[in-house]
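Trainee: Got a structure for you, written out below as structure tokens; questions coming shortly.
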Amino acid sequence: MKNFLLAILSGLLLAFGWPVNGFPLLLFFGFAPLLIAEFNIRNSEAKFIKWKVFGVSYLAFFIWNLLTTYWIYFSTPFGGAFAILANSLLMSIVFLIYHIVAKRTGFRASASFFISFWIVFEKIHLGWEFSWPWLNLGNAFSEYINWIQWYEFTGTFGGTLWILLVNFIIFKAILSYTEFKDRGILYLATLKSVLLIGLPILASYIILWNYEMPKNKITALILQPNINPYTEKYNTNDTAIGDLLLNMSRENITDSTTIVLAPETVFADGTVLSRFDNSEAAFYGRQIASLQPKLSFLGGVSFYERFSDPLKVSPQSNKLRENDWFDDYNSAFLIENNSAKQIYHKSKLVVGVENFPYQGILKPILGDVMIDLGGTVAMKTTQPDREVFNIADGVNTAPIICYESIYGQYVTGYVKNNANFLSIITNDAWWGNTAGHRQHASYAKLRAIETRRSVARSANTGISEIINPVGEVEHQLGYDKRGTLSGNIILNDKLTFYTKHGDYIARISKFLALFIFLFAVVGIKRSKYF
């Protein structure tokens, strides 16, 4: 019972440390109770030790997942249950492998393994087809941007490393004190923890105080039409939407406005990609762009292309019947006054909604059943490159669509392709007025810090905002409000260390985790503490 209580405590500490209402300092203690529970079980004479370790870890991670991502339920009960149960399972498997390694190695090796292996797990969660990186530990500081200005060097994996290092200092101190009953151990551990937590925060403030904002700016007008996706969005045609966007733009545009942003799939009727020039989306895009001589319109559109040629079929194509397929796209487009259109297709897809993970393996088992997390169940077609939209000479933006904004190294691909600022278009109304849309908006601050790029964020409903390169929100329009934001977007051409080198912490962790695992399997046992 004691070990289950420790697991519950870990789950609660991790959950209550999470944004947007949590206090991330709790995360520095969040894993320690679970690590103690594992240690107790490992050194007991009980039977079924591995199952007990799995049980306590699953309990802790289930509490964490449930309390922080419960809001998925509001888009679909089944999808919410699957995401919470599956992610808790994956975390528990990681912890169980740590337990196996810890039985065969000493404290330093097992601690290093857990930290590096957890980072590897987070990296896998960024890249595989069941991707769900929402609870990657480095995301937890998104509301405390003054603590993490050094993310421009490390990305969010620096935050994960930070959290886990402190947890193991605390864990080691508790084990040592339990063995030797020496208060000096606790004093030393407290000093180490304070320094390890405090010094990066101090470094962050120093970076912030010395950061010089770039001078070049443009003015953006952000539209938030606030159309309910359940009752209005797919019952409102593109003409009505276009009229609304045009009127909002006319009423709020100024002589200095350079770009107008509208949300993800704001034009949702389904436009044939090859006929885009004659679509309602293109018509209204041109109407808005013509309101000023040098104005661009960036918005979201739902594209499809139907075909009968088998040679055009890709793994992401959807089959209707024999010799009848279609490709489905969630896209962004940009139209400038008197210039050619630019189009980008969303390429980081929501599991089950926009992609069928490991279709070749799972489709024979599941048939056409999709893991419905809200929205459509058609497979989306992606593109390989992170394309940027050119607005004017030397001014380019990243057309980031919704879920893509969670992926740090992925976003650096736009910046490497010369994006001066980040545009995020999204539709966050699927989850209702819950923590979901607030967490999603909060994570955009991480991308601003990592790349030192301003963010212009247009949500259908949710949170539209303008964020500067240090992660500060300068303008914001809240949930369930129809309106506009107008503000300056700071342009930046310089590449951060993280932009240049990406998730190097994760790459190093792969080698370290593999080395320690191979060391462990030879069966060499060390002291249970050190």
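The values are calculated or read from the model by the stated rules, or taken from the named source; none is laboratory data. These numbers were taken from a predicted model, which means no experiment stands behind them. Note that we place each Cβ from the backbone using ideal geometry, even for glycine, and neighbour counts take in every protein chain shown.
Trainee: In the range 401-417, how many are in contact (Cβ under 8 Å) with a residue 60 or more places away in the chain and outside any helix (DSSP H, G or I)?
Mentor: Number satisfying all stated conditions: 2.
Yes/no per residue for (1) over 31 Å from the mean Cα position of the chain (by Cα); (2) within 26 Å of A262 (Cβ to Cβ); (3) among the hydroxyl-bearing types (S, T, Y):
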| position | (1), (2), (3) |
| --- | --- |
| G285 | no, yes, no |
| Q292 | yes, yes, no |
| L295 | no, yes, no |
| Y304 | no, yes, yes |
| D309 | yes, no, no |
| K319 | no, no, no |
| F326 | no, yes, no |
| Y329 | no, yes, yes |
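Trainee: Is it the case, given these coordinates, that L223 is within 26 Å of L477 (Cβ to Cβ) and under 29 Å from the mean Cα position of the chain (by Cα)?
Mentor: Judged against the criteria, L223 is a match.
Trainee: Here are some residues: S116, S176. Which one is in a helix (DSSP H, G or I) and crowded, with 20+ Cβ neighbours inside 10 Å?
Mentor: S116
Trainee: Kindly evaluate S44 against the criterion of being hydroxyl-bearing (S, T, Y), in the same structural domain as K103 (by TED's automatic domain parsing) and under 16 Å from S92 (Cα atoms).
Mentor: no
For (1) of a type in the set (A, V, I, L, M, F, W, C); (2) surrounded by 14 or more Cβ atoms within 10 Å (Cβ to Cβ); (3) at pLDDT 95 or above, each residue gets a yes or a no:
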{"site": "R250", "(1), (2), (3)": "no, no, yes"}
{"site": "T257", "(1), (2), (3)": "no, yes, yes"}
{"site": "A262", "(1), (2), (3)": "yes, yes, yes"}
{"site": "N278", "(1), (2), (3)": "no, no, no"}
{"site": "V301", "(1), (2), (3)": "yes, yes, yes"}
{"site": "N323", "(1), (2), (3)": "no, no, no"}
{"site": "D328", "(1), (2), (3)": "no, yes, no"}
{"site": "E336", "(1), (2), (3)": "no, yes, no"}
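Trainee: Now, a different point. I need the full set of residues from the range 93-113 which are over 29 Å from Y407 (Cβ atoms), part of a helix (DSSP H, G or I), out of contact with any Asp or Glu (no Cβ under 7 Å at 6 or more places or on another chain) and of a type outside the set (V, I, T), in order please.
Mentor: Answer for the range 93-113, where residues must be over 29 Å from Y407 (Cβ atoms), part of a helix (DSSP H, G or I), out of contact with any Asp or Glu (no Cβ under 7 Å at 6 or more places or on another chain) and of a type outside the set (V, I, T): A102, K103, R104, F107, R108, A109, S110.
Trainee: Looking for whichever is surrounded by 14 or more Cβ atoms within 10 Å (Cβ to Cβ) and within 24 Å of N390 (Cβ to Cβ) here; the options are F307, F283. Which one fits?
Mentor: F283
Trainee: Right, here's the next one. Please go through the range 313-338 and give me each residue that is touching a residue at least 60 places away in the same chain (Cβ under 8 Å) and either within 12 Å of Q383 (Cα to Cα) or small (G, A, S) (or both), ordered by number.
Mentor: S314, Q316, S317, N330, S331, A332
Trainee: Would you pick out the residues in the range 259-304 that are farther than 20 Å from I489 by Cβ, polar (S, T, N, Q) and assigned to a strand (DSSP E or B)?
Mentor: Once the filter is applied, which keeps residues that are farther than 20 Å from I489 by Cβ, polar (S, T, N, Q) and assigned to a strand (DSSP E or B), the range 259-304 yields T271, S302.
Trainee: Residues that are assigned by TED's automatic domain parsing to the domain that holds T258, within 20 Å of I222 (Cβ to Cβ), assigned to a loop (DSSP other than H, G, I, E, B) and modelled with pLDDT of 90 or more: does the range 370-381 have at least one?
Mentor: No, the conditions are met nowhere in the range 370-381.
Trainee: For the range 170-192, state whether one or more residues are in contact (Cβ under 8 Å) with a residue 60 or more places away in the chain and under 25 Å from the mean Cα position of the chain (by Cα).
Mentor: no
Trainee: Kindly indicate whether I124 is in the same structural domain as K172 (by TED's automatic domain parsing) and either touching an Asp or Glu at 6+ places or on another chain (Cβ under 9 Å) or surrounded by fewer than 21 Cβ atoms within 10 Å (Cβ to Cβ) (or both).
Mentor: So I124 passes the test.
Trainee: From the list T496, T451, exactly one residue is of a type outside the set (A, V, I, L, M), buried (at least 24 other Cβ atoms within 10 Å of the Cβ) and within 23 Å of L126 (Cα to Cα). Which is it?
Mentor: Just a single option satisfies the conditions, and that option is T451.
Trainee: Here's a follow-up. What is the residue count in the range 477-487 for residues that are crowded, with 16+ Cβ neighbours inside 10 Å and closer than 24 Å to T258 by Cα?
Mentor: Total satisfying the criteria: 6.
Trainee: Here is a list of conditions, (1) among the small types (G, A, S); (2) outside any helix (DSSP H, G or I); (3) farther than 25 Å from G432 by Cα, and S131 meets all of them except one; can you say which number that is?
Mentor: Failed condition: (3).
Trainee: Go through the range 444-499 and count every residue that is in a strand (DSSP E or B) and small (G, A, S).
Mentor: 7
Trainee: May I pose another question? Could you please find all residues in the range 454-476 being farther than 21 Å from Y205 by Cβ, modelled with pLDDT of 95 or more and surrounded by fewer than 23 Cβ atoms within 10 Å (Cβ to Cβ)?
Mentor: H475, Q476
Trainee: Could you check how many residues of the range 40-74 are under 15 Å from W431 (Cα atoms) and either surrounded by 19 or more Cβ atoms within 10 Å (Cβ to Cβ) or modelled with pLDDT under 95 (or both)?
Mentor: Counting residues in the range 40-74 that are under 15 Å from W431 (Cα atoms) and either surrounded by 19 or more Cβ atoms within 10 Å (Cβ to Cβ) or modelled with pLDDT under 95 (or both) gives 7.
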